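Below: the structure, in structure tokens.
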Amino acid sequence: MTSLQPVRGTRDLIGEEQRRHRQVIDTARHIASLYGFEEWSTPIFEETRVFSRTLGETSDVVTKEMYTFEDRGGDSITLRPENTASVCRALVSNGLTQSLPQKVFYAGPMFRYERPQKGRYRQFHQIGLELIGPAEPMADAEVIACGWHIQQALGIAGNVVLEINTLGDTPSRVAYRAALVAYFTAHESRLSEDSRHRLSRNPMRILDSKDEGDRRIVADAPTIAAHLTPEAATFYDTVRRHLTTLGIPFVENPRIVRGLDYYSHTAFEFVTTDLGAQGTVMGGGRYDGLIAEMGGPDTPAVGWAAGVERLAMLIAPPGAGPAPVAVIPVGDEAEAEAFRIAQTLRTAGIRTEMAYRGNLRRRMERANKIGARAAVIIGGEEAARGVAQVKNLVSGAQSEVALDALVAALQDPTA
């Protein structure tokens, strides 16, 4: 019979991979808390409308990548492909639009049916921030600063580059859209089929086309800079000034775009060349129109999401934690006391492993195999006297220690 394997595009996180994954999330959670972000957890599936309305009915995510199914009640349900829409839905459905600002951190699995490749899976994990309420450019700078701080804490800030752009305000985008339509219409016959479809619906999306022919045309396309209103230009200038004040290096990339109308002003990505084609590790921007799109009031917001798998590939291998203590009973009569000792050590915060079977030699071999720093050896005679033998497995030194003094003797990780 064929052995069972994980579904294509999914994987098990075991050993070092799980430690890397946990380190990314734990580090991000801690740094986000320093900025006042509170963790929210939303369901991993939502009504399909939550995503189809917010990601765009014609987007690749909605038309090609979402895991959508009809439940037994006949409702259309979708496994979340991203979490910003879920957070905004939670804000509205929990009546929090009158309690602003809301500073939200999240971490969890997302699901997209796409071609698996390095750093990209069908079940993947994201961390993210949403700062909901402030319309000021300082909010944009703050979420970027928090993302930068997380990457510094992970030790990867030297491997990434912050790229920023502005999408302007609504009048800016209307003027820019007209300029793009005029430019791409003149080159329509050379555009890819996908980009020809986008020309009438969403010409800004042509700017991030991956088609090589499109990219050659895009290289000479107009940028939004010439179409910014004075207010939008001032907003962008202020964001850049704040980043400079904070000492956060950045480069401007006028080709960073977002395809939907509810995005505005700042758009940014942290990119790396260390992961091949999958270079973006964190991306986000301002989405002032999204909450209104979901039926809530007009509410400004800005945030980002980052792929845990991609960040985990960049960090140094984390250690497995403090070396354990092995508790080794000698003879059946000492097992109960050995078990009690192990539990006492664990309660005191000392990582402890029980040696379950085999003679003393086999159990000591097991202690060395798991990298134990010390072995607590107890037989019936030691148990009767209330003592145990403690052997330092690094130095080889061995001494007799009273049972009620074991915790103190083993608190020092070098013991």
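Worth pointing out:
- Residue, modelled with the lowest pLDDT, within region 367-413, restricted to residues that are out of contact with any strand residue (DSSP E or B) (no Cβ under 8 Å at 6 or more places or on another chain) and in a loop (DSSP other than H, G, I, E, B): Pro413
- Evaluation of Asp140 against the conditions (1) over 12 Å from His227 (Cβ atoms); (2) assigned to a helix (DSSP H, G or I); (3) out of contact with any Ser or Thr (no Cβ under 8 Å at 6 or more places or on another chain); (4) of a type outside the set (Phe, Trp, Tyr) shows that the sole unmet condition is (3).
- Screening region 363-415 for residues that are under 39 Å from the mean Cα position of the chain (by Cα) and polar (S, T, N, Q) and picking the one that is farthest from Val327 (Cα to Cα) gives Thr414.
- Inspection of region 227-237 finds a residue satisfying the criterion of being under 22 Å from Leu129 (Cα atoms) and in contact (Cβ under 8 Å) with a residue 40 or more places away in the chain.
- Residue match in region 6-16 (condition: in a helix (DSSP H, G or I), of a type in the set (D, E, K, R), without any contact (Cβ under 8 Å) to a residue 12 or more places away in the chain and surrounded by 13 or more Cβ atoms within 10 Å (Cβ to Cβ)): no
- Matching residues, region 357-391, being touching an Asp or Glu at 6+ places or on another chain (Cβ under 7 Å), of a type outside the set (S, T, N, Q) and closer than 14 Å to Leu406 by Cβ: Ile378, Ala383, Val387, Ala388
- The one condition in (1) within 30 Å of Ala157 (Cα to Cα); (2) outside the structural domain of Val92 (by TED's automatic domain parsing) that Gly307 fails to fulfil: (2)
- Some residue of region 34-47 being assigned to a helix (DSSP H, G or I), at pLDDT 90 or above, within 19 Å of the chain's Cα centre (by Cα) and under 24 Å from Ala153 (Cα atoms): yes
- The number of residues in region 272-304 being of a type in the set (D, E, K, R), touching a residue at least 24 places away in the same chain (Cβ under 8 Å) and either in contact with a helix residue (DSSP H, G or I) (Cβ under 9 Å, 6 or more places away or on another chain) or not assigned by TED's automatic domain parsing to the domain that holds Val50 (or both) comes to 3.
- Within region 377-393, the presence of at least one residue that is buried (at least 17 other Cβ atoms within 10 Å of the Cβ), in contact with a Lys or Arg (Cβ under 8 Å, 6 or more places away or on another chain) and not acidic (Asp, Glu) is confirmed.
The values are calculated or read from the model by the stated rules, or taken from the named source; none is laboratory data. Being a predicted model, the structure only gives us computed values, none of them experimental. Counting neighbours? That spans all protein chains shown, and the Cβs are built from the backbone with ideal geometry, glycine included.
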